[in-house]
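To start, the structure under review is shown below, and the notes come after it.
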Amino acid sequence: MADSKDNSGCCCCCSGGSSGNGGQKDDDHSPIDPPCTRMKVNIDSVYIKKSECYGFWDEPGSSAEWKLLITVNGQTIVWESDGIQDNQTYYINRDLYVDIANNNTNIVVQTSGVEKDTSSADDTLPSGSYTHGNADNWGIGATRKVTASSECFDYTVYYTVTCLTTGLSTIDRPTALQATRAWAAVAGVNLPPSDPEVIEFYANRVAKRRGLNLAHYTPQELVFNGAENIRTVTTQLFPTSAPPPTPPPTPGPPPQS
Ligand SMILES: [Ca+2]
Ligand SMILES: [Ca+2]
């Protein structure tokens, strides 16, 4: 059981002008936090399509002896099994844990290994690799895979990435207001008139549906807690390429009696 780091009440208080570590600043002044700070990578299984080249001059028999290494950010699982045959799935079900320090931290899944032989040197299994990061939300959710093949070997390792500890992400308040109003105009949704009500709509009706909870806000910005980045979600839900909003119809004068 891995120890879980609670992030309640913690966090990242890089106040303002930190020491510029060379990275480009995003479009706002807020700390750029990854939406998930600790991931679990479950190595689910390996499908072995081709386990060896069998024959008189090759591997004797019809099964092979595999030693597969699956490395995630420097941590390695060693999976060994004899009697490996073609077109079979073998379950691994082992977990590795990755801390995501910032939005530039990647999850790198690498595979390699050997097919063991006794009368000659081991055969090298082909190696594979896949990198997840901010661009694909670190691969959270769907089943992912790394495939590798060579003349005598062909395999696919399946794994899933889940978020264990959500993080904070920030959007500036005018952007949230503008995006929501622009969307509502296009979608024909009547928003409440005041800014605080629009923000409440944005937080409770939109962000919450994506598992993002408003942690706190200031007159300048809104800070959400969840496994996705609020700016990415906003861009997806309120694309900037939407046609310009049409002004809402002005209500007519009250009927006179
Ligand atoms: Ca062999
Ligand atoms: Ca062998």
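The values are calculated or read from the model by the stated rules, or taken from the named source; none is laboratory data. Keep in mind that what you see is a predicted model, and the values were worked out from it rather than measured. Reconstructed Cβ throughout: ideal geometry from the backbone, glycine too, with neighbour counts over all protein chains shown.
For Ile92, state whether it is among the hydrophobic types (A, V, I, L, M, F, W, C) and more than 16 Å from Thr131 (Cα to Cα). Here the answer is yes, as Ile92 does meet what is asked. Taking the range 146-203 as the range and being among the aromatic types (Phe, Trp, Tyr), assigned by TED's automatic domain parsing to the domain that holds Thr124 and more than 16 Å from ligand 1 (Cβ to nearest atom) as the test, the residues that pass are Tyr158, Tyr159. When residues in the range 132-143 are screened for being under 11 Å from the mean Cα position of the chain (by Cα) and either in a strand (DSSP E or B) or within 14 Å of Tyr158 (Cα to Cα) (or both), 5 of them pass. Residue pairs whose Cβ atoms lie under 8 Å apart, sitting 6 or more positions apart in sequence or on different chains, and linking a residue in the range 106-130 that is among the aliphatic types (A, V, I, L, M) to a partner that is within 9 Å of ligand 1 (Cβ to nearest atom) and outside any strand (DSSP E or B), are Val114/Asp122.
Checking each residue in the range 64-77 for being farther than 19 Å from Arg144 by Cα and free of Cβ contacts under 8 Å to residues at least 40 places away in the same chain picks out no residue at all.
A quick yes/no check of all residues on (1) under 30 Å from Thr165 (Cα atoms); (2) touching a helix residue (DSSP H, G or I) at 6+ places or on another chain (Cβ under 7 Å); (3) outside the structural domain of Gly141 (by TED's automatic domain parsing):
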| site | (1), (2), (3) |
| --- | --- |
| Lys49 | no, no, no |
| Glu52 | no, no, no |
| Asp58 | no, no, no |
| Lys67 | no, no, no |
| Gln75 | yes, no, no |
| Ile92 | yes, no, no |
| Tyr97 | yes, no, no |
| Ile107 | yes, yes, no |
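Gly74 meets the stated requirement of being more than 16 Å from ligand 1 (Cβ to nearest atom), among the small types (Gly, Ala, Ser) and touching a strand residue (DSSP E or B) at 6+ places or on another chain (Cβ under 9 Å).
Applying the criterion of being surrounded by fewer than 19 Cβ atoms within 10 Å (Cβ to Cβ) and among the aromatic types (Phe, Trp, Tyr) to the residues of the range 151-206, the residue that is farthest from Thr111 (Cα to Cα) is Phe201. The residues listed here are Glu197, Glu228; of these, the one that is touching a helix residue (DSSP H, G or I) at 6+ places or on another chain (Cβ under 7 Å), among the charged types (D, E, K, R) and at pLDDT 80 or above is Glu228. If you check Ser112, Ser30, Ser51, Ser62 for being surrounded by fewer than 17 Cβ atoms within 10 Å (Cβ to Cβ) and either within 16 Å of ligand 1 (Cβ to nearest atom) or modelled with pLDDT under 95 (or both), only one passes: Ser62. Within the range 147-177, the set of residues being part of a strand (DSSP E or B) and without any contact (Cβ under 8 Å) to a residue 60 or more places away in the chain comprises Thr147, Ala148.
The single condition among (1) surrounded by 14 or more Cβ atoms within 10 Å (Cβ to Cβ); (2) under 30 Å from the mean Cα position of the chain (by Cα) that Val78 does not satisfy is (1).
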